[in-house]
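What follows is a set of notes on a single structure, which appears directly below.
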Amino acid sequence: MIANEKCQKSSDVVENCKVDKSVAIDDKMLLILRKKRRAFYQHTCLLSVMAAFTIGLAIGIFFLPLIGLTSASTKSTDVITSAQHNSIKHAKLHKYDFNKLQNRNQIDNNNNNNNKNPTIYSSVSFISDDTVDINGVDDDKYSGGLETATNEFILNNNGKVNNNNDYAIAGVTVNVDDEISHAVIDENSYNNNMNMNIEIQSHEQQENSYEKENNETLRRIIDDDIYWGQMIENRIPNGFAKRDTEDWQNYLHNNVTEIIKIEQGCGRMQNRLVTFSDGVKACVRYRQNTDQIQGELFSFFLGRLLNITNLVPSAAAVIDWESRLWTQVKQHITESQWKTSRPVVFTKWIPDLEPSGIPEQFRPLERHMNKNDIWNVTLSDGGKPSQILIERLKSKYNVNNDDGSDYRKKLLRKKKITLNDKIYDKLIELAQWSDLIIFDYLIANLDRVVNNLYNYQWNADIMAAPAHNLAKQINSQLLVFLDNESGLLHGYRLLKKYEAYHSLLLDDLCIFRKSTIDALKYIRDNNAGELLNELFEQTTTNEVRDVLPPLPEKSIKILTDRIDHVLQQVQKCQDMYSNR
């Protein structure tokens, strides 16, 4: 406009105005072209974005599901072959044709077995947007078969039928009206599982049978959790009965026999082995102090009251050169430095004895004997108990109340107890040790296991050595408790020094012979001192009683206290192991 106005006002410059006008037209065209080009770029970018979005959407909707179905089909080892798929596509889909589909799936399963995948079943997968009437399908309209069905058919892997009449095959569902007659399963896998179940059931039944039989056997070995059962009691050697003791006393006191030989033997220096005219032999115990003679004799009497038959028959006599018993050995008596009118104890000679060791249950760090230890011996074929030391210590100190019962229960289920001669011998020995520990504690015997325990601090191997004054009869496995002279008097005077060792064994004992405990209760209730002194009066002669006093009142009091301690230990064990 400014240029036109200038051209109109000044005619002299017409030529210049024409030039300016053409320049303005060119600028306008250039501006239009630039606008069109910018619009084209904008439309192109928009179309590109829309095209990319469309392609991505198409891939997301069509291509990815196709890949997913292909992958699922690939992972399954039961792939339907092309020929089988075509046969299924052209099949009628109604309730009576389902068996055909089952037959084809069975073929697929057989193919799978060749691929060593017997537990995965055939799959049929399809997607459709149309609805099909399953009860009636037009062959022409639905010649595509399963691809055109809107209902999905599923037969699940375990062959179960769903409540809504749906059946599972590879995650695709088709509703049917009638229930499937049977599921398609792998026959080999089923048989293997059945065989495995049968084997497991058989193993469990066997373990249950072992546990039942083992518990019954153990109840016959251990009665009421703390007593030896009748099975063991019946096998313990008879030992020396009351009748044997009476016969031995009559033999010495009837004045019809005489000693014909005295020789060294039977332990200590002044003891002698004597032989009678009829060939019978005996050990004669001679001591300067009468309390050791008293100790030997009254310890024997206490053993009789407790019905312990491991004590060899013994009887007291007095050395008298004028009596028939001694007339032929006056010279031997002088050589033995024996004095006349001294009391001695005759103990019947027992041949065929051998040394006896200390069971491992009573050795240091493993001093423990209760029903669990007995079970361990039984379950380990009489060898070293299976229960390790830490379990024993837990049991003793009640740590977590674990007495090894869980461990025992496992053993009871895994193995059947077979009681052989080795196990019986071990249990019979332990049963006799139950009596030995109680007896030695009551009399405070220093010369047997306490001797080993005391010397263990200097000699670590001493517990593996034979026990002092303990022997075993070879032909009967009877333990023989020898030389009890320190009992009831000398041992009581040394309690302050040795009591810890006496109690050590008793406190670790929790299984007893019931006959011994019953006798101990009787002694407690009927005054132990009176019973012992009465037996002393009945079984000795006047000559013996003139030189040998009865058991002192102080010893009787200590014995009574020790009887109470033993019975307290029995009660403690009853509380600890009853019904456990």
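The values are calculated or read from the model by the stated rules, or taken from the named source; none is laboratory data. Values in this document were obtained by computation on a predicted structure and should not be read as measured data. Here the Cβ positions follow ideal geometry from the backbone for every residue, glycine too, while neighbour counts run over all protein chains shown. Accessible surface is based on the protein model in full, side chains and every heavy atom, while ligands, DNA and RNA are left aside. Shrake-Rupley method; radii C 1.70, N 1.55, O 1.52, S 1.80 Å.
Between residue 499 and residue 545, the contour length at 0.36 nm per residue exceeds the alpha carbon distance by 13.4 nm. Just need log10 I(q)/I(0) for the range 302-378 at q = 0.14, 0.15, 0.17, 0.24 Å⁻¹, Debye formula, equal scatterers on the alpha-carbon atoms, no solvent, rounded to two decimals. After summing over all Cα pairs, the log10 values are -0.75, -0.80, -0.89, -1.12. Per-residue accessible area (protein heavy atoms, 1.4 Å probe) orders 219, 272 as 219, 272, starting from the largest.
Using a Förster distance of 30 angstrom, determine the FRET efficiency expected from the C-beta separation of residue 341 and residue 476, and round it to 0.05.
Using R0 = 30 Å, I get an efficiency of 0.20.
With r defined as the distance between the Cβ atoms of residue 461 and residue 254 and R0 fixed at 35 Å, what FRET efficiency is calculated, to the nearest 0.05? For R0 = 35 Å, the calculated efficiency reads 0.10. Between residue 38 and residue 58, the C-beta separation translates, for a Förster distance of 35 Å, into a calculated FRET efficiency of about 0.70.
Counting only heavy atoms of the protein chains and using a 1.4 Å probe, residue 240 has close to 30 Å² of accessible surface.
Ordering of 567-576, 40-49, 422-431 by packing is 422-431, 567-576, 40-49, highest average first (other Cβ atoms within 10 Å, averaged per residue). Pairs exceeding a 29 Å alpha-carbon distance, out of 281/514; 281/472; 472/514: 281/514. Taking all protein chains together, 525, 508, 518 sort by accessible area into 525, 518, 508, largest first [probe 1.4 Å]. Taking only the C-alpha atoms of the range 450-569, Rg followed by Dmax gives 16.9, 49 Å.
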